[in-house]
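A.B. asks: Sharing a structure with you now.
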Amino acid sequence: MKHNEFTWVGKRAAIAEAGRPIRKTLRPCMEESKNWDTTENLYIEGDNLDVLKLLQESYLGKVKMIYIDPPYNTGNDFVYRDNFTRDKDEYDEEAGVYNEDGDRLFRNTESNGRFHSDWCSMMYPRLVLARNLLRDDGVIFISIDDNEVAQLRKISDEVFGEGNFIAQISNTNNPKGRSDDKYVATAHEYVMIYAKSIIMLDWYGFEPTEEIIKRYNKVDTNGKRYREIDLRKTGENDLREDRPNLFYYFYFNEESGDFYPSKNDKAVDGYIQIKPQREDGKEGNWRWGMDTALNKISNLIPKFMPARKVWGVIEKDYLEKRTLIKPTSSWTFKDVNSERGSEEFISLGFDKRIFPKPKPIGTINRCLKLATSNDSIILDFFSGSATTAHAVMQLNAEDGGKRKFIMVQLPEPCSPESEAAKTGYKNICEIGKERIRRAGEKINSELRIRNAELREQDNSELRITNSELGGNSELRITNSELDIGFRVLKLDSTNMRDVYYAAGEYTQDLLSMMEDNIKDDRTDMDLLYACLLDWGLPLSMPHKTEVLNASGEIVANSELRIPNSELFTVHTYNDGDLIACFDKHISDAVVKEIAKRQPLRAVFRDSSFASSPEKINVEEIFKLLAPNTSVRVI
């Protein structure tokens, strides 16, 4: 079977780039973070291609949902400087614009290849790396417009597989249409949706709107609302011969009320025989198989259909408390309107000129409701103004969820003439981080107000319903449980010194300089987080720092004021997933104390030991006290 291959100039380089190693790391920045010790959210500054590579071990197969709003390639928003762009001569040669005789093969306009191929080369490796991070039941949502929607669909088919395509949503974000469009005023953009594995997909829905609720206009004896739906199948394949297994009879006794399905086609005395009959008199089929009809017979009603002058069967379709409605491929909701995005941004105290046209929370909120559960990890590696982080915190406030976000953003400088720069923001990351801070405080403030109102009504327990916040389920959380913090990590070069000399060029002076292979400006925290990345540990787990003396005893805070060169800082990550000490000349007692705690992993610095015998001694200590601990020296 033949398949059409989607290709472009630079595709080979783009494919290779996804697997090309890098010598970089992520450095923690506690002073720009919020609630560092307790938060499980991450904000990462740096080129997302490098960041995605660094996250491969720590978050492989752990992300439930990815949402991205990449550059739309309109001609003025392409900011990622990968090594895929080519000058005209290089491009023409590789693309075969000219043949051997120098004749032009096709017109080399911006729309004929080069313009789009650079964008494709930028997106391809990022999507490959993003797919690796998704859980098997994970989903990716990509906002895009007409400029690159065709290319994105082809790339995504290749990366995620055509069979994992879920939908291409028409997202009406500008109902009036763009007045500057030449022929048709564009009123929408798209949200492309792919599953990691369609057979593993967990998919939810939207809360019913008032319009939908009105359709449930019947009430049963228990007071439950329902609507009546004909059990007969309509539309395609609705003839008996199309699905013979869905053709059977129901028998109904009007006097006794007895009602049951059967394959028996013979008349039964005293019973009305009911079959699925179309309007044209032909035999049709039911929507349910007979086993399902038997199990759900209490939800079925025999009913005479005056219009067709035949008996039929009606399903009682209940509006359950948590009924979710399947989304359509056209989103015309008010909360996806672009104007909402600006209004939400302004409501946080920002001037709308600081970040033009931020995504509305509603668009991302709807994606979250379709694809995430309460404890999901959500990644956005084109995070912009951090609308995704805002949406995650807001939804957690609505349903009591514990979703965690990972925002990744290139620290693109703000133009000196921009309102953002005049306000004091040096780059987009500073805007995004400030938005998360303000949004979190606003959400917490709203919760406090609602909690105070509810205390007056019920002092026994704080209860907030989603109907007050836009949903149906019940919220039982306190302000302190809502995670509105984030750890800031910044992309940087490796912590290790670069080696510039061949073996024969080293002198004794050089060797003494190279005794410590770690750069002078790197801290314990820098080294700790590099170890987390190397070992594939999540970057959002709790960790504590203790100071031990040479005897391996914990030093009280009051003792830290006393000058003492024999104090050692010990970092314990996630209750012993990893314990690290990066001080020089660590005492045996400290090593033994770490080993006694039996961590899964232990890390030391090369300069922690004065000699090779001391390193060997450390190995022997761990063999004796913690034989199952993995020990590493950096």
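A.B. asks: Could you tell me whether the range 166-175 includes any residue that is surrounded by fewer than 16 Cβ atoms within 10 Å (Cβ to Cβ) and farther than 23 Å from LYS359 by Cβ?
C.D. replies: no
A.B. asks: Follow-up question, since we're still on this one. Can you find a residue that is within 18 Å of VAL191 (Cα to Cα) and either part of a strand (DSSP E or B) or more than 14 Å from the chain's Cα centre (by Cα) (or both) anywhere in the range 364-376?
C.D. replies: No, every residue in the range 364-376 fails to be within 18 Å of VAL191 (Cα to Cα) and either part of a strand (DSSP E or B) or more than 14 Å from the chain's Cα centre (by Cα) (or both).
A.B. asks: Now for a separate question. Take LEU60 and decide whether it is assigned to a loop (DSSP other than H, G, I, E, B), modelled with pLDDT of 90 or more and assigned by TED's automatic domain parsing to the domain that holds GLN151.
C.D. replies: Judged against the criteria, LEU60 is a match.
A.B. asks: Something else: Residues that are over 22 Å from THR372 (Cα atoms): which strands (runs of 3 or more DSSP E) entirely in the range 151-248 hold 3 or more of them?
C.D. replies: Fully inside the range 151-248 and qualifying: 225-230.
A.B. asks: In this structure, is ALA195 without any contact (Cβ under 8 Å) to a residue 40 or more places away in the chain and either closer than 28 Å to ASP137 by Cα or among the hydrophobic types (A, V, I, L, M, F, W, C) (or both)?
C.D. replies: Criteria not met by ALA195.
A.B. asks: Whether any residue in the range 63-72 is among the hydroxyl-bearing types (Ser, Thr, Tyr) and at pLDDT below 95 is what I want to check. Walk me through how you get there before you give the answer.
C.D. replies: As a first pass, look at the range 63-72 and keep what is among the hydroxyl-bearing types (Ser, Thr, Tyr): 67, 72.
Filter once more, keeping what is at pLDDT below 95: 72.
Yes.
A.B. asks: Also, I was wondering about something else. Residues LYS154, LYS182: which one is outside the structural domain of ARG225 (by TED's automatic domain parsing) and either of a type in the set (Phe, Trp, Tyr) or modelled with pLDDT of 95 or more (or both)?
C.D. replies: One residue alone meets the criteria, LYS154.
A.B. asks: Considering ASN217, ASN222, ASN264, ASN253, which residue is modelled with pLDDT under 90, touching a strand residue (DSSP E or B) at 6+ places or on another chain (Cβ under 9 Å) and not assigned by TED's automatic domain parsing to the domain that holds LEU134?
C.D. replies: Sole residue among the options that is modelled with pLDDT under 90, touching a strand residue (DSSP E or B) at 6+ places or on another chain (Cβ under 9 Å) and not assigned by TED's automatic domain parsing to the domain that holds LEU134: ASN217.
A.B. asks: Name the residue that is nearest to ASN365 (Cα to Cα), counting only residues in the range 103-150 that are modelled with pLDDT of 95 or more, basic (Lys, Arg) and assigned to a helix (DSSP H, G or I).
C.D. replies: Among them, the one singled out is ARG131.
A.B. asks: Filter the range 404-436 down to residues that are under 20 Å from LYS352 (Cβ atoms), among the basic types (Lys, Arg) and buried (at least 17 other Cβ atoms within 10 Å of the Cβ), then give me how many there are.
C.D. replies: Result for the range 404-436: 2.
A.B. asks: Could you tell me whether any residue of the range 256-275 is out of contact with any Leu (no Cβ under 6 Å at 6 or more places or on another chain) and under 30 Å from ILE166 (Cα atoms)?
C.D. replies: No; the residues of the range 256-275 include none that is out of contact with any Leu (no Cβ under 6 Å at 6 or more places or on another chain) and under 30 Å from ILE166 (Cα atoms).
A.B. asks: Scan the range 392-402 and tell me whether some residue there is surrounded by fewer than 21 Cβ atoms within 10 Å (Cβ to Cβ), touching a Gly at 6+ places or on another chain (Cβ under 8 Å) and more than 23 Å from VAL336 (Cα to Cα).
C.D. replies: Scanning the range 392-402, I find no residue that is surrounded by fewer than 21 Cβ atoms within 10 Å (Cβ to Cβ), touching a Gly at 6+ places or on another chain (Cβ under 8 Å) and more than 23 Å from VAL336 (Cα to Cα), so the answer is no.
A.B. asks: If you don't mind, there's one more thing I want to ask. Looking at ILE212, is it surrounded by 14 or more Cβ atoms within 10 Å (Cβ to Cβ), out of contact with any helix residue (DSSP H, G or I) (no Cβ under 9 Å at 6 or more places or on another chain), of a type outside the set (S, T, N, Q) and touching a residue at least 60 places away in the same chain (Cβ under 8 Å)?
C.D. replies: On the way: surrounded by 14 or more Cβ atoms within 10 Å (Cβ to Cβ): yes; out of contact with any helix residue (DSSP H, G or I) (no Cβ under 9 Å at 6 or more places or on another chain): yes; of a type outside the set (S, T, N, Q): yes; touching a residue at least 60 places away in the same chain (Cβ under 8 Å): yes.
The answer is yes for ILE212.
A.B. asks: Still on this structure: If I ask for residues that are over 16 Å from LYS263 (Cα atoms) and surrounded by 13 or more Cβ atoms within 10 Å (Cβ to Cβ), which ones from the range 233-247 would you list?
C.D. replies: Within the range 233-247, the first condition is being over 16 Å from LYS263 (Cα atoms), and the residues that meet it are 233-239, 242.
Selection gives LYS233, ASP238, LEU239, ASP242.
The values are calculated or read from the model by the stated rules, or taken from the named source; none is laboratory data. Bear in mind the structure is a predicted one, so any value in this text is a computation, not a measurement. Using ideal geometry, Cβ is built from the backbone for each residue, glycine included, and neighbour counts are taken over all protein chains shown.
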